[in-house]
Amino acid sequence: MEYSSFSIPKKLTENANAVVKNTSIEITIEDIDEMTVYKREVVTVLNKLGNVDARIAEGYDNDTKIKDLSAIIYDASGKRIKKYKERDFLDVSAVGGGTLYSDSRVKYVNYIPISYPYTVVFESKYKTSSTGFIPWWFPVNGYYVSVENSSYKINNPNKIPWRYKKTNFKGFPIEAKESDTEIFYSIKNQPAYKYENSTVHYREILPKAVVSLNKFSLKGVAGQYTNWKEFGVWMNAKLLRGRTELEPATVAKVKRLVEGVEDPIEKAKIIYKYMQDKTRYISVQVGIGGWEPIAANQVDKVGYGDCKGLTNYTKALLDAVDVTSYYTVVYADEKRDIDKDFSSIQGNHVILNIPNKGNDIWLECTSQTMPFGFLGDFTDDRNVLVITPEGGVIKRTTVYKDEKNLQKTAGEITLKKDGSLTASFKRISEGLQYDDKFGYTGFTEQELYKNYKSKDWSYNNNLEIESVALTNNKDDIIFTEEIKASIKNYATVNNAEYLFRVNVFNRNTYVPKRYRKRKLPLKIYRGYKNEDIFKITLPKGYILGNLPPEKFINTKFGTYKVSITKINDTSFMYNRVLSIKEGVYPKEDYRAYRSFRRSIAKYEGLRIAITKKL
């Protein structure tokens, strides 16, 4: 094969940080508990940003054995400059320092390029007795990577029943062949996608194939399912049953905590606080493929656990006081759904579900500070898998939409003759805006003041925070900041006039990047609403002139309204409302959205001039 980077067609280097020259995955399923995976990856890295697309690593654990491992590095002209055999690979734990114990390990090469482009040829082969997770085919692994040739083949000589799902194949140069003994997909000459501001995650538009066996093995535990209901039955029976037992003394203790309380939700609040006060999060990746939780009595004894262990422990405590709850699998952090139409091993996190007459309550059990029933943007608004004794059920977590993410700021600002100002105001945050701020209670005073000056109001030079009082109302999930501040040299003062920007404490000047030919959809990931009302008092000896008329912009993406109303000759009210709507819009709407944000940004810098009394 030609390893020279000069042989790559020009259309594949355009907008690319790396080019997948020739990648193949061949999987052979010998039995429900025996699978061999062979990978050969040839990737040309064009620049520093492309290094992530040439990963030279393979994972293994107690039931996965690496059989072959090698890597060769070629320079731009195709000359071999480095070869690595398996003994040259570093062998380390596959998880970070926050993990107490794990049998997952990785062998890798930390190659540091001396020049670009360069090409990596990486080959690996491993055998595993776990067939519960078959490697997916994701040939175009993100933005800024092109594909010259990529193939994916699964051999199933014993015709073990399987299911597969193809996503986003339409519109891509993909060849597909499928039978009960073989699946084959390939893609050739796919140019790179260039990322565009405010667009969808690449996973939503790029091709993907997922395969799942109806009968499988996971760490020696056999399983069988064809849908989420059956998957939930298996998981409940094989991974969760018998793991919620607690010592009699612990059961008696938590029953005393809720003595006299009849409402199950009020009981749950008491138990959740007890769990938060008693435990801390530490990753423990042991058990069946990292899926089986540590037994509840063990977590109770040591006071720590991972998301699985802490969620299972909280469920056990709730069981002890007769409150129904269910272990729930979710994709955390990135807003991503469990695929409701295709059952397979999915998810990367676990939370707890409490059914509540159609208004489900969700608990994040790894946080010692999260309010009861609040998820924040870590696991909100996504399909999750709830594991019940009757089977798996797909539900959707709490949605914090648009105006639910509210920030209200109200106060007074006094302007001084020398151009400085003093301010006293209250800022109240709800929904995901609460999520952004409730962590402030863990800051030192110095950290908090620095945060205000360098992040919240970094555009205000000479800002000084005089005092802050924080109130975290975890019952109503409202965060309140009462702030006193001052700013020197805020206004421009001369003999003719006194000029100042009227929006002092919530200036939003974000303008999306301009694209002459937009190619991708517009996506506004989070909606919100900000309301600001300030009484602004002029310096002594100055009076108001004509005030600007009301500004109102109404679009499909949101609204913006500013009104400035005279109170008397020496004071006025500044009232501002900005609402942004979450949503996905066609690429043709991007120009209108950019125009909307540009109009807002321009008005956010509005200045008012006042004059001295004659």
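Descriptive notes on the structure:
- Criterion applied to 408, 426 was being charged (D, E, K, R), out of contact with any Lys or Arg (no Cβ under 8 Å at 6 or more places or on another chain) and at pLDDT 95 or above, and the one residue passing it is 426.
To keep it simple, each residue is scored yes or no on (1) under 16 Å from residue 324 (Cβ atoms); (2) over 30 Å from the mean Cα position of the chain (by Cα); (3) not assigned by TED's automatic domain parsing to the domain that holds residue 357.
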site: 243; (1), (2), (3): no, no, no
site: 249; (1), (2), (3): no, yes, no
site: 254; (1), (2), (3): yes, yes, no
site: 271; (1), (2), (3): yes, no, no
site: 280; (1), (2), (3): no, no, no
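- Matching residues, segment 1-26, being closer than 12 Å to residue 144 by Cα and outside any strand (DSSP E or B): 12, 13, 14, 15, 16, 17
- Per the listing 553, 600, 580, 567, the residue uniquely among the β-branched types (Val, Ile, Thr) and loosely packed, with under 14 Cβ neighbours inside 10 Å is 567.
Okay, residues lined up against (1) of a type in the set (A, V, I, L, M, F, W, C); (2) over 30 Å from residue 13 (Cα atoms); (3) in the same structural domain as residue 104 (by TED's automatic domain parsing):
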position: 170; (1), (2), (3): no, no, yes
position: 177; (1), (2), (3): no, no, yes
position: 186; (1), (2), (3): no, no, yes
position: 201; (1), (2), (3): no, no, yes
position: 211; (1), (2), (3): yes, yes, yes
position: 234; (1), (2), (3): yes, yes, no
position: 238; (1), (2), (3): no, yes, no
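- Applying the condition of being touching an Asp or Glu at 6+ places or on another chain (Cβ under 8 Å) and assigned to a loop (DSSP other than H, G, I, E, B) to segment 396-436 and asking which residue is farthest from residue 502 (Cα to Cα) yields 397.
- Residue in segment 210-219 that is part of a loop (DSSP other than H, G, I, E, B), modelled with pLDDT under 95, of a type outside the set (Phe, Trp, Tyr) and surrounded by fewer than 14 Cβ atoms within 10 Å (Cβ to Cβ) present: no
- Checked against the criterion of being in the same structural domain as residue 460 (by TED's automatic domain parsing), without any contact (Cβ under 8 Å) to a residue 12 or more places away in the chain and within 17 Å of residue 402 (Cα to Cα), segment 590-605 contains not a single residue that satisfies it.
- Residues located in segment 445-472, provided they are touching a strand residue (DSSP E or B) at 6+ places or on another chain (Cβ under 7 Å) and among the polar types (S, T, N, Q): 460, 462, 467, 471, 472
- The single residue among 494, 473, 503, 489 that is surrounded by fewer than 16 Cβ atoms within 10 Å (Cβ to Cβ) and in contact with a Gly (Cβ under 9 Å, 6 or more places away or on another chain) turns out to be 489.
- Given (1) touching a residue at least 60 places away in the same chain (Cβ under 8 Å); (2) within 30 Å of residue 16 (Cα to Cα), index of the condition residue 216 fails: (2)
- Test: residue in segment 511-525 that is over 25 Å from residue 378 (Cα atoms) and in contact with a strand residue (DSSP E or B) (Cβ under 8 Å, 6 or more places away or on another chain): no
- Residues of segment 189-232 classified as among the small types (Gly, Ala, Ser) and within 22 Å of residue 588 (Cβ to Cβ), total: 1
- Inter-residue pairs, beta-carbon under 6 Å, first among the basic types (Lys, Arg) and in segment 551-570, second assigned to a strand (DSSP E or B), 6+ apart: 551/562; 561/552; 561/577; 566/572
- Of all the criteria given as (1) under 21 Å from residue 575 (Cβ atoms); (2) surrounded by 15 or more Cβ atoms within 10 Å (Cβ to Cβ); (3) touching a helix residue (DSSP H, G or I) at 6+ places or on another chain (Cβ under 8 Å), the one not satisfied by residue 509 is (2).
- Segment 220-239, subset among the hydrophobic types (A, V, I, L, M, F, W, C) and assigned to a helix (DSSP H, G or I), residue farthest from residue 305 (Cα to Cα): 228
- Those strands (runs of 3 or more DSSP E) lying entirely in segment 27-76 with at least 2 residues more than 23 Å from residue 210 (Cβ to Cβ): 34-45, 64-74
- No other residue among 354, 413 is under 30 Å from residue 218 (Cα atoms), at pLDDT 95 or above and buried (at least 20 other Cβ atoms within 10 Å of the Cβ) apart from 354.
- Qualifying residues in segment 367-391 (those that are part of a strand (DSSP E or B) and under 24 Å from the mean Cα position of the chain (by Cα)) - the one farthest from residue 577 (Cα to Cα): 387
- Pick from segment 240-281, criterion part of a helix (DSSP H, G or I) and acidic (Asp, Glu), ranking: surrounded by the fewest Cβ atoms within 10 Å (Cβ to Cβ): 277
- Condition check for residue 341: under 15 Å from residue 394 (Cβ atoms), in contact with a Lys or Arg (Cβ under 7 Å, 6 or more places away or on another chain) and outside the structural domain of residue 479 (by TED's automatic domain parsing): no
The values are calculated or read from the model by the stated rules, or taken from the named source; none is laboratory data. This is a predicted model, so every value here is computed, not measured. Glycine gets a Cβ as well: all are built from the backbone with ideal geometry, and neighbour counts include every protein chain shown.
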